[in-house]
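For reference, the structure discussed in these notes is given below.
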Amino acid sequence: MNQEAAARTGEIPNSPPPVRPLSFLGFLRTRRASFPDAYCWYLLVGALDLMLTNFAITHAEAIEVNGVAALTLDRFGFGGLIALKMLTVLVVITICEVLATRTRATGLRLAEWAVAVSSLPVVITLAQLVVYRPG
């Protein structure tokens, strides 16, 4: 490509071709999130779950009833519980995105169910904290 053509197109002369993403990760680089509102709600509910769990355990002498979360909390502490929660969020959002490439309605339904199911521990913990009033 000559200098004049490069100036018109905005390309750098003699530059290597752009790097293409790996084929199995291509959907992550070429698309926007399919359900960003649902993902924001899912992250919010997940963060609330972590905050309320920490508060209930440290101030209300509660225990973690989820077996996997309890084992993670005992073995790795609250940081491990945060990592576990973020890993589950990553897995669910990835599954929603893969489903959205095939059947958009199914991906949306999973995202909505993820928000609904994840909000249950938040509501239950809030109710317990109101009833038992730690002090």
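Condition check ((1) polar (S, T, N, Q); (2) out of contact with any His (no Cβ under 6 Å at 6 or more places or on another chain); (3) part of a helix (DSSP H, G or I); (4) within 24 Å of Ala127 (Cα to Cα)) across all residues:
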| site | (1), (2), (3), (4) |
| --- | --- |
| Asp49 | no, yes, yes, yes |
| Ala62 | no, yes, no, yes |
| Val65 | no, yes, no, yes |
| Phe76 | no, yes, yes, no |
| Gly79 | no, yes, yes, no |
| Met86 | no, yes, yes, no |
| Val92 | no, yes, yes, no |
Residue list for segment 79-94, restricted to those being touching a residue at least 24 places away in the same chain (Cβ under 8 Å) and farther than 15 Å from Leu48 by Cβ: Val92, Ile93
Candidate set: segment 35-71, residues that are over 30 Å from Leu108 (Cβ atoms) and polar (S, T, N, Q); chosen: the one surrounded by the most Cβ atoms within 10 Å (Cβ to Cβ): Asn54
Those residues of segment 19-45 which are farther than 15 Å from Thr94 by Cβ and at pLDDT 95 or above, in sequence order: Asp37, Cys40, Trp41, Leu44, Val45
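To keep it simple, each residue is scored yes or no on (1) surrounded by 13 or more Cβ atoms within 10 Å (Cβ to Cβ); (2) touching a residue at least 24 places away in the same chain (Cβ under 8 Å); (3) at positive phi.
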| residue | (1), (2), (3) |
| --- | --- |
| Leu73 | yes, no, no |
| Gly77 | no, no, yes |
| Cys96 | yes, yes, no |
| Arg109 | yes, no, no |
| Ala127 | no, no, no |
| Arg133 | no, no, yes |
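The values are calculated or read from the model by the stated rules, or taken from the named source; none is laboratory data. Computed from a predicted model, the values in this text were never measured in an experiment. In this analysis, Cβ positions are derived from the backbone assuming ideal geometry, glycine residues included, and neighbour counts consider all displayed protein chains.
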